[in-house]
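J.: Here you go, one structure.
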Amino acid sequence: MQQDSESNLILDLQTNSTRFNVLVGLTGSVAALKAPLLVTQLLEIPGVDVRVVTTDHATHFYDISEVSVCVYRDKDEWEMWTKRSDPVLHIELRRWADLLVIAPLDANTLGKIASGICDNLLTCVVRAWDSSRPLLFCPAMNTAMWKHPITAQQVATLKGFGYVEIPCISKKLVCGDEGKGAMAEVSTIVETIKQYIQKHPE
Ligand SMILES: Cc1cc2nc3c(=O)[nH]c(=O)nc-3n(C[C@H](O)[C@H](O)[C@H](O)COP(=O)(O)O)c2cc1C
């Protein structure tokens with residue numbers, strides 16, 4: 001989708017209380033190439049609105065113009081704020097969202113979230129997240145990265161925060177390795193979100 005002026009970016013976050021707002025976080029895993037498909041399938045759920053917050057590395061893996069909703073990036077956060085009365089984008093996004101799903105969650109951002117680092121738009125949304133709302137994460141990384149002992153520790157830390165893991169799966173990865181580490185199927189992610197919407201009606 002064509003990205004708009006900064007004021008329109010904020011107008012795009014006007015809440016409509018009859019909708020269930022799903023914020024999709026994208027990080028720099030090759031699985032981010034599934035972003036257009038994930039967004040399309042989420043928009044097919046009745047009553048759901050979707051917005052995307054992306055890391056800059058994630059944008060290497062998909063074409064923003066193929067995502068049919070507003071995609072927020074680090075530069076938007078900084079360009080939007082010039083004076084005291086201006087909105088702070090990561091706070092507006094966490095206010096807007098009823099549910100955050102990070103799909104894919106790469107090893108780098110997993111480590112950052114586990115240790116509380118918030119140095120970009122996505123990790124600021126996570127750090128400011130309203131813990132009464134669901135936060136789902138879908139790890140996606142090379143099998144060797146997945147097997148590193150710190151991964152299990154960091155996944156456990158996120159679960160300890162109350163976040164919900166949608167586990168990765170085994171398959172032949174884009175890098176040629178075979179084994180665990182691939183992001184859950186888009187259909188699994190969408191089904192899990194549907195269950196949350198049914199469990200948490202507005
Ligand atoms: C082609 C390519 C594919 C990558 N795939 C993955 C991946 O699937 N999972 C992962 O954890 N990191 C992957 N990386 C490494 C991340 O992109 C890198 O750690 C980056 O700093 C992540 O930044 P971000 O977390 O801010 O998006 C890949 C890098 C490249 C160049």
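J.: Could you tally the net charge around residue 143, taking each other residue with its Cβ under 13 Å from the Cβ of residue 143, Lys/Arg +1 and Asp/Glu -1?
T.: Values: positive: 147, 171, 172, 180; negative: 177, 178.
So the surrounding residues net to +2.
J.: Next up: In deg cm²/dmol and to the nearest 500, what is the mean residue ellipticity at 222 nm of the chain if only DSSP H runs of at least 4 residues count, each as -39500 (n - 2.57), divided by the residue total?
T.: Details: 9 runs with 76 residues, N = 202.
Helices in the chain give a 222 nm mean residue ellipticity of -10500 deg cm²/dmol.
J.: Another question about this same structure. So for region 48-120, taking the charge dipole from beta-carbon charges (+1 Lys/Arg, -1 Asp/Glu), which of 82, 53, 69 sits furthest toward the positive end?
T.: About the Cα centre, the residue reaching furthest to the positive side is 82.
J.: When 30, 22, 174, 39 are ordered from fewest to most other Cβ atoms inside 10 Å of their Cβ, what list results?
T.: Ranking 30, 22, 174, 39 by Cβ neighbours within 10 Å, fewest first, gives 174, 30, 39, 22.
J.: Moving to a separate point now. What list do you get for 196, 163, 72 if you sort them by fewest beta carbons within 10 Å? It would help to have the intermediate numbers written out before the result.
T.: On the way: 196 17, 163 20, 72 25.
The fewest-first ordering by Cβ neighbours comes to 196, 163, 72.
J.: For region 86-202, what's the relative contact order in percent, using C-alpha pairs closer than 8 Å and at least 6 residues apart?
T.: On the way: 157 pairs, mean separation 28.4, N = 117.
Result for region 86-202 is 24 percent.
J.: Which percent, nearest 5, of DSSP beta bridges in the chain are antiparallel?
T.: Roughly 15 percent of the beta bridges in the chain run antiparallel, per DSSP.
J.: For 54, 143, what's the fewest-to-most ordering of other Cβ within 10 Å of each Cβ? Mind showing how you got there, number by number?
T.: Numbers: 54 25, 143 17.
Listing 54, 143 from fewest to most nearby Cβ atoms yields 143, 54.
J.: Find the relative contact order for the chain and round it to a whole percent, using C-alpha pairs within less than 8 Å whose residues are 6+ positions apart. Working shown, then result.
T.: Details: 362 pairs, mean separation 42.6, N = 202.
Value for the chain: 21 percent.
J.: With the convex hull built on the Cα atoms of region 39-171, state its orientation-averaged projected area in nm². Each step should come with its number before you reach the end.
T.: Details: hull surface 36.9 nm².
Here the figure is 9.2 nm², rounded to one decimal.
J.: What does the charge dipole of the chain about its Cα centre add up to, to the nearest 20 debye, if the Cβ of each Lys and Arg holds +1 and the Cβ of each Asp and Glu holds -1?
T.: Values: 19 positive and 24 negative charges, 132 e Å.
I would put it at about 640 debye.
Just so you know, all these numbers are worked out from the coordinates, no wet-lab data involved. On a predicted model such as this, the values are computed, not experimentally measured, just so you know. Cβ sites come from the backbone with ideal geometry, for glycine too, and all protein chains shown count toward neighbours.
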